[in-house]
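Trainee: One structure, pasted below without further comment.
The values are calculated or read from the model by the stated rules, or taken from the named source; none is laboratory data. Keep in mind that this is a model prediction, so the values were computed, not measured. A quick note on method: Cβ atoms are made from the backbone with ideal geometry, for glycine too, and the neighbour counts reach across all protein chains shown.
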Amino acid sequence: MRIAIVINKSWNIYNFRMGLVQAFLQLGYEVVAIAPPDEYSSKLEAAGCRYVPIEMENKGTNPLQDLALTQRFYQVYRQVKPDIILQYTIKPNIYGTLAARLAGIPTINNVSGLGTVFIIKNFVSKIALSLYKLAFRFPAKVFFQNHDDRDLFLAHKLIKANITDVLPGSGIDIKQFKPAPIFTRNSRFTFLMIARVLYEKGVVEYVEAARIIRKKYPEVRVQLLGGIDESGNIGIKHAVFDPWVKEGAIEYLGTSDDVAAHLLAADCVVLPSYREGTPKTLLEAAALGKPLITTDVPGCKETVIDGENGFLCAVKNASDLAHKMIQLYELPSVNLQRMGQVSRRLAEDKFDERFVIQKYLDAIHAVTKV
């Protein structure tokens, strides 16, 4: 069987979907990775995938460009001739689905997060909803990463309920991500946020909370790991972000290929995002036995049992975020250790990637009859 996996970045496949890819390869399936080229494209080939590049503008909304993208998807799909196509992110989900329909190839889509489509209500979001409604007539199955996103699509009548299902995010390899054998608390307590430097990730609120915390507890470290993206209106510009780092409110760690090492070195992982699918970094942190603080919004709230493995805070509310961070910092070490243990159990019981892989295999077998 030949399975195509289509995403807006090779990086995305390598970092978020390799457990699924490896499961397919172990079953003897051919996996074709279709994504724009980047430094991770060769890593996909080294891992056993066949890699096929496609030009894709991730943030553009030009209808002529999108029509051309549909044509490129069609050409690639006709060239590759997969038995089934797995698609992720908005442009493959929409334009790839239309192209696959024209090519006569079944698709399974994954809505891994709604981005700004449902957060910001404007003309572009209305167009996106219309396009979803058009394209989502055709997939054999559409997976969502939380029940809120699925319910929202159903409420907007963008999709029929009988082709939908909900996954526990992209899952986490609980054998690869294991807690440290001995619990330790840093002498300088360390909060860590891992996200791209975007407004919708809650970076502004995180910085404001850091100022509040460090005014009371100057020894506390508040770190941020993630890339800066100045394109479009959703990224925080260097001219805004750099002064925050210079003033010492947060420590900026840049980017890293070894996220697990940073997670293990932290005492608590924080993500004050406005909305998510299910954040991979929180799943990794949970599997590593870390307490979590995140917003009480779709996607994020699924990773925290409030008061048990961390705290939920109000969205877009820096003072409440700071309150929860201080509350956690002031806990005795034995309580922190217990929270981390609950996080690990949650990862094992709810977010093990084996659940995700099995749901994909069941869906693929139902569609292809193989």
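Trainee: Within the range 76-101, which residues are farther than 18 Å from Lys133 by Cβ and part of a helix (DSSP H, G or I)?
Mentor: Val76, Tyr77, Arg78, Gln79, Val80, listed by residue number.
Trainee: Moving to a separate point now. Kindly list the number of the only condition in (1) surrounded by fewer than 18 Cβ atoms within 10 Å (Cβ to Cβ); (2) closer than 23 Å to Ser273 by Cβ; (3) at pLDDT 95 or above that fails for Ala155.
Mentor: That leaves (3) as the condition not met.
Trainee: Okay, moving on. Tell me, which residue of the range 164-194 that is touching a Phe, Trp or Tyr at 6+ places or on another chain (Cβ under 6 Å) and closer than 18 Å to Ile213 by Cβ is surrounded by the fewest Cβ atoms within 10 Å (Cβ to Cβ)?
Mentor: Phe189
Trainee: Could you please find all residues in the range 291-323 being within 17 Å of Leu114 (Cβ to Cβ) and either more than 20 Å from the chain's Cα centre (by Cα) or free of Cβ contacts under 8 Å to residues at least 40 places away in the same chain (or both)?
Mentor: Correct list: Thr294, Asp296, Val297, Cys300, Lys301.
Trainee: To continue, here is another question. Please count how many residues of the range 323-370 are over 14 Å from Gly310 (Cα atoms) and small (Gly, Ala, Ser).
Mentor: 2
Trainee: Between Leu321, Leu336, which is outside any strand (DSSP E or B), assigned by TED's automatic domain parsing to the domain that holds Glu200, out of contact with any helix residue (DSSP H, G or I) (no Cβ under 6 Å at 6 or more places or on another chain) and crowded, with 18+ Cβ neighbours inside 10 Å? Before the answer, list the steps.
Mentor: Numbers: Leu321 fails: out of contact with any helix residue (DSSP H, G or I) (no Cβ under 6 Å at 6 or more places or on another chain).
Of Leu321, Leu336, the one residue that is outside any strand (DSSP E or B), assigned by TED's automatic domain parsing to the domain that holds Glu200, out of contact with any helix residue (DSSP H, G or I) (no Cβ under 6 Å at 6 or more places or on another chain) and crowded, with 18+ Cβ neighbours inside 10 Å is Leu336.
Trainee: Something else about it: Restrict the check to the range 63-84 and report whether at least one residue is under 19 Å from the mean Cα position of the chain (by Cα) and of a type in the set (A, V, I, L, M, F, W, C). Give the derivation first.
Mentor: Applying the first criterion (under 19 Å from the mean Cα position of the chain (by Cα)) to the range 63-84 yields none.
No, there is no match, as no residue in the range 63-84 is under 19 Å from the mean Cα position of the chain (by Cα) and of a type in the set (A, V, I, L, M, F, W, C).
Trainee: Counting only residues that are surrounded by 15 or more Cβ atoms within 10 Å (Cβ to Cβ), outside any strand (DSSP E or B) and not small (Gly, Ala, Ser), how many does the range 218-228 have?
Mentor: So the first thing to find is which residues in the range 218-228 are surrounded by 15 or more Cβ atoms within 10 Å (Cβ to Cβ), and the list is 220-226, 228.
Subsequent filtering for residues that are outside any strand (DSSP E or B) retains 220, 226, 228.
Narrowing further to those that are not small (Gly, Ala, Ser): 220, 228.
The qualifying residues number 2.
Trainee: Can I ask one more? Every residue in the range 357-370 that is surrounded by 14 or more Cβ atoms within 10 Å (Cβ to Cβ) and modelled with pLDDT of 95 or more, please.
Mentor: Let us first name the residues in the range 357-370 that are surrounded by 14 or more Cβ atoms within 10 Å (Cβ to Cβ), namely 357, 359-361, 363-364, 367.
Scanning the range 357-370 gives Ile357, Lys359, Tyr360, Leu361, Ala363, Ile364.
Trainee: Right, next: Inside the range 232-290, can you point out the residues that are among the β-branched types (Val, Ile, Thr) and either in a loop (DSSP other than H, G, I, E, B) or touching a residue at least 24 places away in the same chain (Cβ under 8 Å) (or both)?
Mentor: Correct list: Ile234, Ile236, Ile250, Thr255, Val259, Val269, Val270, Thr278, Thr281.
Trainee: Return only the number of the condition from (1) in a helix (DSSP H, G or I); (2) touching a residue at least 40 places away in the same chain (Cβ under 8 Å) that Asp362 does not satisfy.
Mentor: (2)
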